[in-house]
Amino acid sequence: CTQDRCQRLDLSGNTRKCFLTGSPDSYRNFIGKGLRFLLNVPNTEVYRNAHHSSGRFCFQSSQPLGEKITSLQISSVGQLPHHFSACNIQIIRSFHTSPSFQAAPVPLFWIIVKPAQKLFAIILGRSIRNWWKALPPNKQELFKESARKNKWKILLGVSSLGVLFVVFYFTHLEETPITGRTRLSVFGKGHFRELSQIEYDMWMEEFKSKMLPETDARYQVVERVVGHLSESNKDIPQVSALKWVIHVVDEPGVNAFVLPNGQVFVFTGLLNAVSDIHQLSFILGHEIAHAVLEHAAEKASLVHFLDFLSLIFLAMIWAICPRDSLAVVGQWIQSKLQEFMFDRPYSRTLEAEADKVGLQFAAKACVDVRASSVFWQQMELAETIQGQPKLPEWLSTHPSHENRAEHLDRLIPEALKIRESCNCPSLSGPDPRLIFKLNMQHLLESSKDQETPNSTKRDLSKPKLDFPHT
């Protein structure tokens with residue numbers, strides 16, 4: 001994840017950011033007062049009962065789990081609150097459900113060698129520059145003349161190196177499970193999963209005092225949802241091959257992630273942020289999809305390949321730039337170009353693929369898949385109410401809330417067909433997307449009724465909605 005407030009040194013040697021923007025207090029205000037009030041979600045219980053229908057489970061709201069967790073039932077149309085102010089909502093700029101480094105370490109060899117590779121490229125480039133500067137002018141001219149005479153040999157050597165990279169790339173391609181997309185795979189899957197135990201130990205050490213016991217109602221909700229998703233999709237070999245272990249962390253951050261070895265981590269902040277059990281099922285389906293599709297190994301493979309390729313350019317930068325300060329700037333520009341041209345777009349592609357497969361997982365589990373896009377509309381609405389500036393999508397590793405909701409809306413018809421083919425019970429009641437839309441219309445009408453006569457003098461470039469409150 002990017003746009004985060006804390007940093008961690010991952011096992012690949014890169015310092016990356018984790019979780020969401022804002023302070024813990026902002027999480028609590030946002031989760032406790034924001035979406036719950038926007039959708040008028042009552043502060044009651046989560047329903048976990050499921051019944052078996054045509055060989056599959058589906059959720060129904062009949063018996064409460066307990067009084068410890070926020071309700072996951074969506075509100076009715078037209079029941080908007082009249083007692084909160086927009087200033088109470090601390091907006092999270094970007095909601096990410098994956099950990100900062102795709103929930104997986106890289107092979108230990110790469111961990112050790114990667115920093116040494118860059119250091120070697122810098123020393124080599126700097127040595128070439130110093131050697132060139134030390135040459136007398138006449139020898140420099142002789143060297144240039146020799147290079148011109150042998151330009152075809154030099155070109156052949158460079159081309160051969162390029163061919164090696166191309167051959168390596170095409171000999172390490174494979175098909176992604178389920179979707180069949182072609183991707184680069186450098187690391188072995190089994191070895192990669194074994195090494196994910198290292199990161200699991202790190203997370204357990206960090207959250208050892210915040211883990212909820214298995215008797216906690218919130219833990220049981222997550223256990224029920226994950227068990228239901230895995231049982232409904234056990235026909236997929238990659239799902240049935242993993243043992244899914246639940247960990248619920250008492251943290252206000254809106255986050256969840258799944259390690260490649262099946263370790264599921266869910267923060268209580270996420271349980272408070274979702275509006276119903278269907279939204280929670282989709283989000284956990286999305287995270288399970290990351291593990292099933294082996295996105296961690298795929299992303300590490302691409303980064304490793306690009307980093308190795310960039311060593312050539314790194315050495316050239318330090319050889320050509322006349323001063324170290326300029327070389328540092330050139331190296332920074334190179335890293336940013338790689339990040340925004342390859343790393344982040346690729347991450348957004350993986351997120352979109354996880355959304356698609358996660359929606360299919362939820363559909364086979366008889367979840368109301370229409371609730372998936374509502375969650376991202378809620379996040380989009382929360383940012384709009386606060387008047388937070390929207391960063392361009394190309395700056396993020398995740399799609400924007402708006403684009404994510406639109407993408408899911410396009411996938412929902414297909415997911416509904418999958419749901420129907422699994423003999424799931426028919427969906428009753430209105431479409432949650434329609435409920436959300438009507439609630440937002442009511443919200444906007446209420447805000448207009450409360451405008452003062454001087455409201456027309458406001459700066460329209462910074463919209464702010466005022467809500468009636470007691």
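Numbers at a glance
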| quantity | calculated |
| --- | --- |
| Any hit, segment 144-162, residues being in contact with a strand residue (DSSP E or B) (Cβ under 7 Å, 6 or more places away or on another chain) and of a type in the set (Phe, Trp, Tyr) | no |
| Flag for Ile236 being farther than 28 Å from Lys114 by Cα, in contact (Cβ under 8 Å) with a residue 24 or more places away in the chain, of a type in the set (Val, Ile, Thr) and buried (at least 22 other Cβ atoms within 10 Å of the Cβ) | no |
| Selection from segment 121-143 of residues that are open to solvent by 80 Å² or more (accessible area, probe 1.4 Å), closer than 22 Å to Phe313 by Cβ and not hydrophobic (A, V, I, L, M, F, W, C) | Arg126, Lys133 |
| Any hit, segment 330-337, residues being touching a Leu at 6+ places or on another chain (Cβ under 6 Å), farther than 17 Å from Ile122 by Cβ and in a helix (DSSP H, G or I) | no |
| Total residues in segment 170-185, condition within 25 Å of Asp355 (Cβ to Cβ) and part of a loop (DSSP other than H, G, I, E, B) | 7 |
| Test: residue in segment 298-308 that is crowded, with 18+ Cβ neighbours inside 10 Å, in contact (Cβ under 8 Å) with a residue 12 or more places away in the chain, of a type outside the set (A, V, I, L, M) and closer than 30 Å to Val221 by Cα | no |
| Pick from segment 159-187, criterion open to solvent by less than 80 Å² (accessible area, probe 1.4 Å), without any contact (Cβ under 8 Å) to a residue 12 or more places away in the chain and under 28 Å from Pro237 (Cβ atoms), ranking: farthest from the chain's Cα centre (by Cα) | Glu174 |
| Any chance Trp110 is part of a helix (DSSP H, G or I) and either in contact with a Cys (Cβ under 9 Å, 6 or more places away or on another chain) or at pLDDT 90 or above (or both) | no |
| Test result for Leu195, aliphatic (A, V, I, L, M), open to solvent by less than 50 Å² (accessible area, probe 1.4 Å) and either part of a strand (DSSP E or B) or over 21 Å from Leu350 (Cα atoms) (or both) | yes |
| Residue check, Val167 at pLDDT 90 or above and either more than 19 Å from Ala315 (Cβ to Cβ) or not in a helix (DSSP H, G or I) (or both) | yes |
| Qualifying residue in segment 263-270 (condition: buried (at least 20 other Cβ atoms within 10 Å of the Cβ) and either among the hydroxyl-bearing types (Ser, Thr, Tyr) or farther than 26 Å from Val367 by Cβ (or both)) | yes |
| Flag if Leu311 is over 17 Å from the mean Cα position of the chain (by Cα), surrounded by fewer than 24 Cβ atoms within 10 Å (Cβ to Cβ) and free of Cβ contacts under 8 Å to residues at least 40 places away in the same chain | no |
| Unmet requirement for Gly429, which otherwise passes all of (1) more than 19 Å from the chain's Cα centre (by Cα); (2) open to solvent by less than 50 Å² (accessible area, probe 1.4 Å); (3) of a type in the set (Gly, Ala, Ser); (4) modelled with pLDDT under 90 | (2) |
| The one condition in (1) more than 28 Å from Thr349 (Cβ to Cβ); (2) in a helix (DSSP H, G or I) that Ala291 fails to fulfil | (1) |
| Residue tally, condition farther than 24 Å from Leu164 by Cα, among the aliphatic types (A, V, I, L, M) and free of Cβ contacts under 8 Å to residues at least 24 places away in the same chain, over segment 314-337 | 4 |
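Residues are listed down the side, and each one gets a yes or a no for (1) open to solvent by 10 Å² or more (accessible area, probe 1.4 Å); (2) part of a helix (DSSP H, G or I):
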position	(1), (2)
Tyr200	yes, yes
Pro213	yes, no
Val221	no, yes
Ser230	yes, yes
Val248	no, no
Phe257	no, no
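The values are calculated or read from the model by the stated rules, or taken from the named source; none is laboratory data. Note that the coordinates shown come from a computational prediction; the quantities given were computed from them, not determined experimentally. We place every Cβ from the backbone using ideal geometry, glycine too, and count neighbours over all the protein chains shown. Surface areas here come from the heavy atoms of the whole protein model, side chains and all, with no ligands, DNA or RNA. Shrake-Rupley method; radii C 1.70, N 1.55, O 1.52, S 1.80 Å.
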